[in-house]
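Okay, structure first, notes after.
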Amino acid sequence: MLRKAVVVVLWLFALSVAGIAVFTRVVDRYQADGVLRLSILSAPVRVVRDEQGVPYIYAGSLDDAIRAQGWVTAQDRLLQIDFERYLAAGRLSELIGESALEADIAARLAGTARHGRRHAELLGPADRRLYELYLEGLNAYIAGQGSEHQFGFGLLGTQAEPWTLADVMTLQYFLNWSSSVNLQAELISQRLIDRLGAAKAAEIRQLTINPDDNSGTGLDAALSAPQPLALDLKPGTAWLRSGPQPREIGSNQWVMSGARSVNGAPVLVNDPHIDARNLPGIWHPVGLITPGFRAVGAAGPGIPGLAVGRTSHIAFGVTNAYADVIDLFIETEDPQRPEHYLEGGQSFPFEVIEETLRVRERPGSSKFRTVPLKIRLTHRGPVISDHGMGVSAGKLISMRWSAPEDMAADTGQHALLTARSVEEARRAVWRNTAPYNYVIADMQGNIGHATAGRVPIRRRGDGSVPLPVTDGEDAWAGFIPGEQMPGQLNPARGWVGNANHRTVPAGYPFAYSTYFAASWRYRRMLELLDQPGLLAAEDHWAFMRDTRNSMAEQLAPVMAKALLAAEDTRALGEVLAGWNHVDDVELVAPTVFQAVYREFARQTFVDELGEELSEEMLGSWYYWHERLARMVLEDGSSWFDDTRTPAVESRDEMFRRAARVAARELAEAAGADSAQWQWGRLHTVSFFSPLIPGKALAEVLGAGTHAKEGSGETINRATYKFGKPWDATSIASMRVVADLADPDKVMAVLVGGASGRQFDRHLRDQTPAWLSGEPRYWWFSDAAIMQHKRTELLLQP
């Protein structure tokens with residue numbers, strides 16, 4: 001709190017002295033018109049900006065377009081890019097102080113910077129040139145920014161420094177690592193086994209379903225760990241707080257064939273979900289245009305090319321595939337030889353890496369302290385239990401991550417950007433080591449789905465729990481080949497999509513993953529996209545904002561019947577019984593359903609798991625969401641009985657008990673009159689500055705706090721943290737619809753805007769459209785770009 005107060009005081013002091021008008025004109029001033037010298041270019045480049053400040057780069061070659069992309073991205077997002085470099089390398093405490101130390105330790109254990117440096121040395125010609133061209137532009141801006149001040153550097157007491165190829169690759173590894181989020185699920189599973197035993201824990205293991213064939217994991221009553229391992233994991237450890245979290249990052253995406261589309265060409269849809277409340281958001285919109293090539297879409301600041309978008313030849317979108325690319329192992333220390341561990345009867349010394357972290361006294365301070373860090377590694381990887389995680393004497397937990405084990409000269413980055421067909425794009429995706437889903441369409445009318453990542457071929461176990469090391473045999477037998485990863489090409493149904501759910505078909509020969517999103521969003525997708533008739537781009541745009549709750553359609557009638565059976569819960573039952581299962585802001589029923597179901601989940605598990613473990617498990621929605629729903633529909637589970645009482649409680653009694661608690665909580669939050677419990681009064685989203693995160697100054701420095709429709713179960717996603725209702729955190733960071741029959745535009749809106757400058761109107765000018773559902777556009781044709789031109793900057797070599 002003290003650190004936040006210091007930053008607030010600095011902000012208010014700065015504003016009172018200079019005034020917002022002065023900041024607007026001077027502090028965040030940048031050149032968007034006229035002529036500017038940029039010696040790195042081989043020929044002149046034009047940067048045309050539209051009414052939203054989106055830059056369209058016109059260059060004589062792709063090389064110069066990528067150079068200019070690096071320069072323009074720095075002009076728009078330099079503070080964000082610089083922050084990302086510290087974050088990715090495990091150096092954030094060097095920038096903002098003690099509050100980032102645990103996150104830094106986690107990044108150091110993962111080895112993002114070590115792997116980035118090593119991979120930078122291995123890159124092949126195509127990818128190396130792509131990155132180096134981008135860095136030429138980025139570093140040229142840093143070297144010559146002159147009067148183009150970006151607010152925030154002074155507050156943080158830092159200045160931008162040139163980037164290296166290792167920095168870019170470190171950022172790539174960090175993004176890869178951040179997307180590899182099943183690690184905590186393994187630890188939860190192990191804690192459940194330790195508390196309950198393997199058989200009882202299996203009753204509530206994660207259930208994952210592929211609705212296309214109703215196959216999945218968790219359908220049987222077995223876990224791969226035969227017995228408790230007495231790991232004695234301690235709650236709230238640094239690793240659990242700072243490693244890859246169960247953030248339920250993901251997205252919706254689908255692509256529909258021309259045969260199903262009004263205009264006769266494929267339509268691609270994507271809305272990546274993440275905590276995107278920090279403005280300007282994680283995406284930088286850009287156009288790259290040369291005489292022979294055109295690409296318009298969104299890039300991750302600091303990375304060349306596009307992450308999502310449309311080119312002359314293809315369109316592509318991305319989500320998290322939840323492929324399991326991390327395994328945990330139970331290691332045994334050698335009691336006879338210090339600093340050694342055992343593989344069966346053989347003893348091996350730990351590899352040791354020693355690093356030093358610099359921790360700033362507070363943001364803006366020039367004082368630092370140093371923190372030594374010792375990382376021990378086994379043959380599988382770093383020993384994470386050395387860092388704030390309690391385990392039984394003589395036992396350790398190591399982590400093995402697949403990406404660093406399969407570094408290749410070709411990462412697929414350049415190949416995806418320049419791909420001319422779905423098939424070429426699929427091959428590019430297979431070279432990517434991050435666990436992502438891609439949907440792709442091409443101008444020839446093909447559509448497809450491809451999955452990236454290095455998923456191990458597991459000799460033992462399925463990756464759902466830590467695996468004991470019993471001998472020297474490698475637990476992995478290589479990686480699943482790209483051609484055998486989940487995917488489809490020109491499916492007969494006329495579309496393919498996913499919502500982070502299980503896409504693995506029945507009979508799949510590999511242990512791909514046991515951790516996926518619940519199937520609710522995809523089930524609604526099936527209803528919308530399998531309906532007869534042709535669909536237009538505008539239909540798909542509307543589908544992304546759909547708020548029908550497929551889970552509630554199944555569970556709310558059961559809940560309503562239970563509540564109608566008692567006088568003190570009947571009123572809530574009547575609200576649910578009359579609900580259309582749409583999570584709209586003006587309705588009371590979504591509030592009642594979410595509040596009752598949340599408390600019902602807590603009541604179901606807390607008696608047998610205890611407060612701390614049940615809170616940890618329930619904090620990972622994906623872990624229990626589908627399982628509990630099935631338990632409700634099947635009824636009769638012994639988990640509904642509260643073992644702390646002599647009575648035997650039923651499912652319906654637990655619903656009534658939960659409703660009584662929920663009603664008291666809602667009355668405290670929104671008043672005693674239940675008619676005032678509209679979903680949008682409680683369920684809100686706030687957009688704020690990363691310099692002062694949170695609601696406090698969101699209205700002044702961000703884009704305010706707003707009622708938010710949808711929920712974690714709707715296509716229009718707005719997930720809140722189980723332990724902190726009702727603030728929406730996981731939301732659509734952008735929405736994109738690319739109709740390949742439309743020569744002029746791509747429908748697209750960002751959560752914030754194109755600029756990352758605090759006092760630039762383009763920081764937040766797209767937020768109103770994001771909230772209302774109004775379509776916005778990235779312009780694709782020259783005619784459309786020129787029609788919407790507002791500024792033009794000529795970069796001269």
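The values are calculated or read from the model by the stated rules, or taken from the named source; none is laboratory data. These figures come from a predicted structure and were not determined experimentally. Here Cβ is always computed from backbone atoms with ideal geometry, including for glycine, and neighbour counts include all displayed protein chains. Just the protein is used for accessible areas: all its heavy atoms, side chains included, with ligands, DNA and RNA removed. Shrake-Rupley method; radii C 1.70, N 1.55, O 1.52, S 1.80 Å.
Does the stretch 133-147 contain any residue that is part of a loop (DSSP other than H, G, I, E, B), modelled with pLDDT of 95 or more and polar (S, T, N, Q)?
No, the stretch 133-147 contains no residue that is part of a loop (DSSP other than H, G, I, E, B), modelled with pLDDT of 95 or more and polar (S, T, N, Q).
May I ask you to list the residues in the stretch 696-705 that are outside any loop (DSSP other than H, G, I, E, B) and open to solvent by less than 20 Å² (accessible area, probe 1.4 Å)?
A698, L701, G704
If you go through the stretch 414-455 one residue at a time, how many are farther than 17 Å from N320 by Cα and either polar (S, T, N, Q) or assigned to a strand (DSSP E or B) (or both)?
Counting residues in the stretch 414-455 that are farther than 17 Å from N320 by Cα and either polar (S, T, N, Q) or assigned to a strand (DSSP E or B) (or both) gives 7.
Determine whether the stretch 710-721 contains at least one residue that is surrounded by fewer than 22 Cβ atoms within 10 Å (Cβ to Cβ) and farther than 30 Å from L526 by Cβ.
No, that holds for no residue.
Being open to solvent by 20 Å² or more (accessible area, probe 1.4 Å), in contact with a strand residue (DSSP E or B) (Cβ under 8 Å, 6 or more places away or on another chain) and of a type in the set (V, I, T) is the filter here; which residues of the stretch 35-91 pass it?
Correct list: V35 only.
Do you know which residues across the stretch 185-204 are open to solvent by less than 20 Å² (accessible area, probe 1.4 Å) and in contact (Cβ under 8 Å) with a residue 40 or more places away in the chain?
A185, E186, L187, I188, S189, Q190, L192, I193, I204
Going by what's in this entry, would R129 be described as over 30 Å from R37 (Cβ atoms), over 20 Å from the mean Cα position of the chain (by Cα) and open to solvent by 10 Å² or more (accessible area, probe 1.4 Å)? Steps first, answer last, please.
Values: over 30 Å from R37 (Cβ atoms): no; over 20 Å from the mean Cα position of the chain (by Cα): yes; open to solvent by 10 Å² or more (accessible area, probe 1.4 Å): yes.
Taking the combined requirement at face value, the residue does not satisfy it.
Among the numbered conditions (1) among the basic types (K, R); (2) at pLDDT 95 or above; (3) closer than 30 Å to E665 by Cα, tell me where R776 comes up short.
It is condition (3) that R776 fails.
Which residue is farthest from S385 (Cα to Cα), if the candidates are limited to the stretch 205-219 and must be open to solvent by less than 10 Å² (accessible area, probe 1.4 Å) and of a type outside the set (V, I, T)?
Restricting to residues being open to solvent by less than 10 Å² (accessible area, probe 1.4 Å) and of a type outside the set (V, I, T), the top hit is N210.
Within the stretch 160-198, how many residues turn out to be under 22 Å from Q75 (Cβ atoms) and of a type in the set (V, I, T)?
Going through the stretch 160-198 one residue at a time, the tally reaches 2.
Mind listing whichever residues of the stretch 728-776 are of a type in the set (D, E, K, R) and part of a helix (DSSP H, G or I)? Before you say what the answer is, go through the steps one by one.
To start, the set of residues in the stretch 728-776 that are of a type in the set (D, E, K, R) comprises 735, 739, 742, 744-745, 757, 760-761, 764-765, 774, 776.
Within the stretch 728-776, R761 is the sole residue that qualifies.
Report yes if I330 is assigned to a strand (DSSP E or B), of a type in the set (A, V, I, L, M, F, W, C), on the phi < 0 side of the Ramachandran plot and buried (at least 18 other Cβ atoms within 10 Å of the Cβ), otherwise no.
The answer is yes for I330.
Which members of the stretch 658-668 meet the condition of being without any contact (Cβ under 8 Å) to a residue 40 or more places away in the chain and either of a type in the set (D, E) or open to solvent by 70 Å² or more (accessible area, probe 1.4 Å) (or both)? Quick ask: steps written out before the conclusion?
Residues of the stretch 658-668 that are without any contact (Cβ under 8 Å) to a residue 40 or more places away in the chain, as a first pass: 664, 667-668.
Listed by number, the residues that qualify are R664, E668.
Just to verify a result, which residue in the stretch 429-444, among those that are open to solvent by 30 Å² or more (accessible area, probe 1.4 Å) and touching a residue at least 40 places away in the same chain (Cβ under 8 Å), is farthest from Q484 (Cα to Cα)?
M443
Please state which of the following conditions G463 fails to meet, knowing it meets all the rest: (1) under 30 Å from D334 (Cα atoms); (2) open to solvent by 40 Å² or more (accessible area, probe 1.4 Å); (3) in a loop (DSSP other than H, G, I, E, B); (4) touching a residue at least 40 places away in the same chain (Cβ under 8 Å).
Condition not satisfied by G463: (2).
Please state which one of P725, P693 is surrounded by fewer than 18 Cβ atoms within 10 Å (Cβ to Cβ) and assigned to a loop (DSSP other than H, G, I, E, B).
Answer to the selection: P693.
What are the residues in the stretch 742-797 that are within 16 Å of H706 (Cβ to Cβ), without any contact (Cβ under 8 Å) to a residue 40 or more places away in the chain and of a type in the set (G, A, S), if any?
Within the stretch 742-797, A769, S772 qualify.
Tell me, please, whether a residue that is assigned to a helix (DSSP H, G or I) and either exposed (fewer than 15 other Cβ atoms within 10 Å of the Cβ) or touching a His at 6+ places or on another chain (Cβ under 7 Å) (or both) can be found in the stretch 615-628.
No, that holds for no residue.
Restricting to the stretch 426-477, and then to whatever is at pLDDT 95 or above and hydroxyl-bearing (S, T, Y), can you tell me which residue is nearest to A185 (Cα to Cα)?
Within the stretch 426-477, the match that is nearest to A185 (Cα to Cα) is Y436.
If you scan the stretch 282-296, which residues turn out to be surrounded by 21 or more Cβ atoms within 10 Å (Cβ to Cβ), over 12 Å from the mean Cα position of the chain (by Cα) and outside any strand (DSSP E or B)?
W283
T158 is checked against (1) under 19 Å from L92 (Cβ atoms); (2) in a helix (DSSP H, G or I); (3) of a type outside the set (F, W, Y); (4) open to solvent by 10 Å² or more (accessible area, probe 1.4 Å) and fails just one. What number does that condition carry?
Of everything listed in (1) under 19 Å from L92 (Cβ atoms); (2) in a helix (DSSP H, G or I); (3) of a type outside the set (F, W, Y); (4) open to solvent by 10 Å² or more (accessible area, probe 1.4 Å), T158 misses just condition (2).
Can you tell which of A452, A492 is of a type in the set (G, A, S) and open to solvent by less than 40 Å² (accessible area, probe 1.4 Å)?
Details: A492 fails: open to solvent by less than 40 Å² (accessible area, probe 1.4 Å).
Result of the check over A452, A492: A452.
So which residues in the stretch 375-392 are touching a helix residue (DSSP H, G or I) at 6+ places or on another chain (Cβ under 8 Å) and either of a type outside the set (V, I, T) or closer than 15 Å to D327 by Cβ (or both)?
Listed by number, the residues that qualify are R376, P382, I384, S385, H387, G388, M389.
When residues of the stretch 743-778 are filtered for being among the aromatic types (F, W, Y) and surrounded by 23 or more Cβ atoms within 10 Å (Cβ to Cβ), how many remain?
Residues that pass the stated criteria total 2.
So is R114 part of a loop (DSSP other than H, G, I, E, B), among the basic types (K, R), open to solvent by 30 Å² or more (accessible area, probe 1.4 Å) and out of contact with any Leu (no Cβ under 7 Å at 6 or more places or on another chain) or not?
No, not satisfied.
What are the residues in the stretch 559-608 that are open to solvent by 10 Å² or more (accessible area, probe 1.4 Å), of a type in the set (D, E, K, R) and outside any helix (DSSP H, G or I), if any?
Answer for the stretch 559-608, where residues must be open to solvent by 10 Å² or more (accessible area, probe 1.4 Å), of a type in the set (D, E, K, R) and outside any helix (DSSP H, G or I): D584, E586.
Can you tell me which residue in the stretch 669-690 is farthest from E574 (Cα to Cα), limited to those that are touching an Asp or Glu at 6+ places or on another chain (Cβ under 9 Å) and either open to solvent by 60 Å² or more (accessible area, probe 1.4 Å) or in a loop (DSSP other than H, G, I, E, B) (or both)?
Checked the stretch 669-690; the qualifying residue farthest from E574 (Cα to Cα) is H683.
Would you confirm whether or not the stretch 4-12 contains a residue that is out of contact with any strand residue (DSSP E or B) (no Cβ under 9 Å at 6 or more places or on another chain), of a type outside the set (V, I, T), modelled with pLDDT under 95 and within 25 Å of W283 (Cα to Cα)?
Looking for residues that are out of contact with any strand residue (DSSP E or B) (no Cβ under 9 Å at 6 or more places or on another chain), of a type outside the set (V, I, T), modelled with pLDDT under 95 and within 25 Å of W283 (Cα to Cα), one finds none in the stretch 4-12, hence no.
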